[in-house]
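K.L.:
One structure follows; several queries about it will come next.
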Amino acid sequence: MKLTVQMDRKDEIPLAEWEEFLAHARRAGAADDTPVAEDYDEEDPRTPSGFVITVEQAEPRVSPENVVLPTDLVHDLIHVVTAVASSDGDVRGLEDTAKQALDHVNEYFRKPALGPNPWTSQDGE
């Protein structure tokens with residue numbers, strides 16, 4: 001299956017938009033040597049209007065993507081897992097740390113990707 005990923009041309013494109021554009025193409029199967037081409041305006045074929053990456057044999061990646069985790073989230077998770085692993089099964093007292101870890105997951109991953117949770121009265125929880 002052929003897949004095309006496009007990004008509009010602007011005077012200034014923030015780095016985050018380039019990263020997202022390239023990440024979409026990589027998820028479709030683009031490799032390091034896949035070319036990034038200029039896209040041109042249909043009304044004026046001499047005017048570049050954006051950038052395009054075409055993946056001829058698009059398929060989902062089989063290897064997992066690298067994920068960057070915030071340090072405070074990693075510390076919370078390590079604390080919770082260490083306490084559970086070294087306990088005799090009584091994990092009372094971990095509720096606050098587990099809630100803090102869940103809050104970090106919501107803040108860093110769920111809310112930016114999905115927005116606030118529409119089924120609760122609290123933002124993103």
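Every number in this text was worked out from the coordinates using simple rules, so none of it is lab data. It should be emphasised that the depicted structure is a prediction, and the values quoted were computed from it without experimental measurement. Positions of Cβ are backbone-derived with ideal geometry, glycine not excepted, and every protein chain shown enters the neighbour counts.
K.L.:
Which FRET efficiency value, to the nearest 0.05, do you get for residue 97 and residue 56 by plugging their Cβ-Cβ distance into 1/(1 + (r/R0)^6) with R0 = 35 Å?
P.N.:
The value I calculate is 0.10.
K.L.:
Return the Rg/Rh value of region 3-55, two decimal places, where both radii are evaluated on C-alpha atoms and Rh is the Kirkwood radius.
P.N.:
With Rg and the Kirkwood Rh in hand, the quotient comes to 0.99.
K.L.:
Name the shape class, rounded, prolate or oblate, that the alpha-carbon gyration tensor gives for region 71-114, where a ≥ b ≥ c are the square roots of its eigenvalues, rounded holds for a/c under 1.5, and otherwise prolate holds if a/b is larger than b/c and oblate otherwise.
P.N.:
Here region 71-114 falls in the prolate category.
K.L.:
Going by average Cβ density within 10 Å per residue, which order do the peptides 6-17, 69-80 take, highest to lowest?
P.N.:
69-80, 6-17
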